[in-house]
Each structure stands twice: as structure tokens, then as C-alpha cells.
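One structure is given here, and the rest of the page talks about it.
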């Protein structure tokens, strides 16, 4: 086994007990998430993913999703949970055939197909379990947490924000708090975007992965990165995704989605500034310019 990845010794021992014939381990984190600890472990005949959760809550969410939700999507539409260790906060999953959609060069027809399938999978995900009686209160609390987090980001990037931006952020916060008691809730994926989709072109099958943020909440939030980053320049993909999902957004959901987009992009903006990524800073500011006027 070559040492291409820095895997904690206790995790490496656990993996070796499960897979004694390891060829090599490759580091496979998401580059935008410095705390992401994911490795692809290769043996002679196949490979698996090993993920060390960032905290106990994310571990519990992801294990729950694999055991009770991902399997219900059907073969090839989500990785299989192979093993876990709650003491280490580690999960082992199968790989999916195909390629990650983010950055994949697809023909226009293929791209529409992928987004239609994604909408259909998300609808199934949202409907996998009936929210419990306390889900509404948790959804409202989640909105409050996101608003507070966004507010804490403003001073870090204040020099990048105009008065209109700051007022727009305040408006987004007000809109979400106003609408949170009434918006549809369900079982969210939590990070629904092309980086977490896997396209098997041979089987024409789309899979989902990365379930550490799943749980009951306001379902329209799952569309936030598509709405903020993809749909403005690709309205045909919005139409395909919503056709797959099976319904249009209500007027309140559309307003909430714009408000969610503002808060999510603000988080992206502070990340981009902290990491001296000028292109991402410009992209985030551009999205704010597009979305904020729709809140009024």
C-alpha cells in the first residue's frame, strides 16, 4: 500500500481489519471543505469510500440516511453502507458507477436528463418519511440558526458589501423568519448539487451521495445552489429538474428560495475572501446582485 493519503492510524487499522488486501489509499476530500476527511480505498477487484465524520451529529445523520433512506432509492441510486464504527465516527460505503456530475461535459440532452432524474430522486427523498410533530419547530429553529450565522459573516466581508447588499441580507432574514412556519417540510438531502450527483451514462442512472446534512426541514432549501448558481443561466435545467420533481414552487417557496440563496452565497463569499479566491468572490457578489432585487 502506498501512502498517498494521511489517514489517522486508528482509522487505517480499522480499514485494514475490514480489507486486508489493500493496494493503496487515495485522499478524496471535497476541496472547498478543509475539514472533509474522505479516502478512496483500492483493492485488487474494487474500491470503497471511507469517511470520517466531522462530528457525532453528522455521523448519526449519515448512518441514518444510509440505513433508512438511501436504500429506498433503489440499486445504483445511492452507495451501499458497508460498515461503520461509531467510536471512530467512520463509515465505509460502496462506490457508484459513472462519474461525478460536477465538471462533467454532457450534451444538452444528457444534461436535461440528468437534472430531470435529479429532481425525481429528490422528490422521492423528500417523501421518504413523514415528518414527526416536532419537525416544524426544528425547521423554524434551523432558519434562526442560518440567519444568525449569516449575520455573523457580514462584518468579515463588510468592505465587499454595498448598502444595498446589507439591506438585502436583512430582507432575506426577515422573509425566511416570516415564511418558516408555513413552508412545506420533508426529509431533506441537505447538500443537493451536482458535486453530489453521480451519472452512469451506460445505464442512464443517476445516484446521490453525501448525506451528512440530511434531516427533516424546509424542502425548498434543497434547491438553493441550483437556484443561485445554475438556473439563472440555464433555465432549461430548472424546467427539467422541476418536471422531474413533479411540481412547481409556490409563490412563498420561490421567495424563500431567493432568501436562502442570499444567505448561502454570503457564506460562500466569506469563504472565498478568507481563502483569497478572487474569482469566487466575484461570483458570489454577482449572485447577490441578481437575487436581492427579487426579494422586494
Q: Go through (1) out of contact with any helix residue (DSSP H, G or I) (no Cβ under 6 Å at 6 or more places or on another chain); (2) farther than 22 Å from residue 188 by Cβ; (3) in contact (Cβ under 8 Å) with a residue 24 or more places away in the chain one by one and return the number of the condition residue 90 breaks.
A: (1)
Q. Looking at segment 1-18, which of its residues are in a loop (DSSP other than H, G, I, E, B) and modelled with pLDDT under 90?
A. 1, 4, 5, 6, 7
(Q) Let me confirm something: among 165, 159, which residue is touching a residue at least 60 places away in the same chain (Cβ under 8 Å), over 20 Å from the mean Cα position of the chain (by Cα), at negative phi and not in a loop (DSSP other than H, G, I, E, B)? (A) 165
Q. Restricting attention to segment 201-215, does a residue exist that is at pLDDT 95 or above, assigned to a helix (DSSP H, G or I) and surrounded by 23 or more Cβ atoms within 10 Å (Cβ to Cβ)?
A. no
Q | All positions within segment 98-119 that are surrounded by fewer than 18 Cβ atoms within 10 Å (Cβ to Cβ), under 16 Å from the mean Cα position of the chain (by Cα) and outside any loop (DSSP other than H, G, I, E, B) | A | 100
(Q) Take residue 259 and tell me if it is assigned to a helix (DSSP H, G or I), over 15 Å from residue 173 (Cα atoms), touching a helix residue (DSSP H, G or I) at 6+ places or on another chain (Cβ under 9 Å) and modelled with pLDDT of 95 or more. (A) no
**Q.** Criterion: assigned to a helix (DSSP H, G or I) and closer than 21 Å to residue 117 by Cα - qualifying residue of 236, 270, 290
**A.** 236
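The values are calculated or read from the model by the stated rules, or taken from the named source; none is laboratory data. None of these values were measured; they are calculated from a predicted model. Don't worry about glycine lacking a Cβ; one is built from the backbone with ideal geometry, like all the others, and counts go over all protein chains shown.
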